[in-house]
Amino acid sequence: MTDEELDARIRALPEAPLTAALAARVQSQAGAVFAGEARVRWVAGIVTATAVVSAVALYLTWAVQFLNALASG
Amino acid sequence: MGEDAAPSVLLERLRAGDAAAFRAVYEQHGAPIFRFLTRLCGRRELAEDLFQETWMRFARHARTLRPDTEPRAWLYTVARNLVRSHARWALVDAAGVAALASWWYLEAPSAAPHEAAVGADAGRRLERALGRLPIAGREVLLLVAAEGLAVDEAARVLGITPEAARQRLHRARAELARCLPKEDET
């Protein structure tokens, strides 16, 4: 038996059917996780950006106050 | 909508969080991945669990895949690794194959009774012979022969070199061919 014949016999084996119910359930659950991940990453991005901007603003405020204190005193 | 898109385009859309791209990948690879899992592990119930876990992992990681990732290879890799790491592997290898024979052909489309019986017998023999192969040989054979992956792609899925995959495939085919006549005698 050649490799091609053997491969053809393997390909010709009956397939275990992916039932419509299972396919729909997995697609629904995985799709929800995918969408949830997208939302989580979007929110995480906003939170991170806000935190960075706040930290910079805080630092600049402190730096201005520090320089003012130096200048006045 | 996205079924015909090239893998790289689909991947870009996935990385951007496009739900339609996710559906397209699922429609494209869902059935093949399930077929691969059932043939590799030999138990439908287990295959269903691992199929779900494969897609949940894909859903969690799709947005962070590297730009050069091939979704098909990634899915087969995860599916294969899940089978490998499954705690019930010992049961899968032995009892699972026997269990497979009891349900597999019941759901096959039937032809004329005699032809169906002959075909089912041949199929069972091949399935049993496949089940007796070492897992390393079975997985490369299923990836290349049944799923149509190129040897290089199968090598990436298995985490081995293409040359090693070729050798493994050659050994698996030889082993399977050797098993089949013995099976025919029983």
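The values are calculated or read from the model by the stated rules, or taken from the named source; none is laboratory data. This is a predicted model, so every value here is computed, not measured. All Cβ positions, even for glycine, are placed from backbone atoms using ideal geometry, and neighbour counts span all protein chains on display. Heavy atoms of the whole protein, side chains included, go into the accessibility calculation; ligands, DNA and RNA do not. Shrake-Rupley method; radii C 1.70, N 1.55, O 1.52, S 1.80 Å.
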Order of exposure, largest accessible area first, which applies to A:W42, B:W74, A:W62, B:W55 with probe 1.4 Å: A:W42, A:W62, B:W74, B:W55
Solvent-accessible area of B:T161 with every protein chain in place, 1.4 Å probe, in Å² to the nearest 10: 80 Å²
Averaged over B:15-21, number of beta-carbon atoms from partner chains that fall within 10 Å: 2
Rough spin-label spacing in nm, given labels placed 7 Å along Cα→Cβ, for A:A35 and B:R60: 2.0 nm
Cβ neighbours within 10 Å from other chains - mean over B:55-66: 4
Inter-chain Cβ neighbour average for residues B:137-146, partner chain, 10 Å: 2
Label zone at B:R171 (point 7 Å along Cα-to-Cβ), backbone N below 17 Å, the stretch B:131-155: B:131-144, B:155
14 Å beta-carbon shell around B:E70, net charge (K/R +1, D/E -1): -1
Chain A - mean residue ellipticity at 222 nm from DSSP helices (-39,500 (n - 2.57) per run, n ≥ 4, rounded to 500): -31000 deg cm²/dmol
Order of exposure, largest accessible area first, which applies to B:R72, B:R138 with probe 1.4 Å: B:R72, B:R138
Square roots of 5 times each gyration tensor eigenvalue, C-alpha, chain A, largest first, Å: 65, 18, 4
Relative compactness, the stretch B:26-85, computed as alpha-carbon Rg over 2.2 N^0.38 Å: 1.06
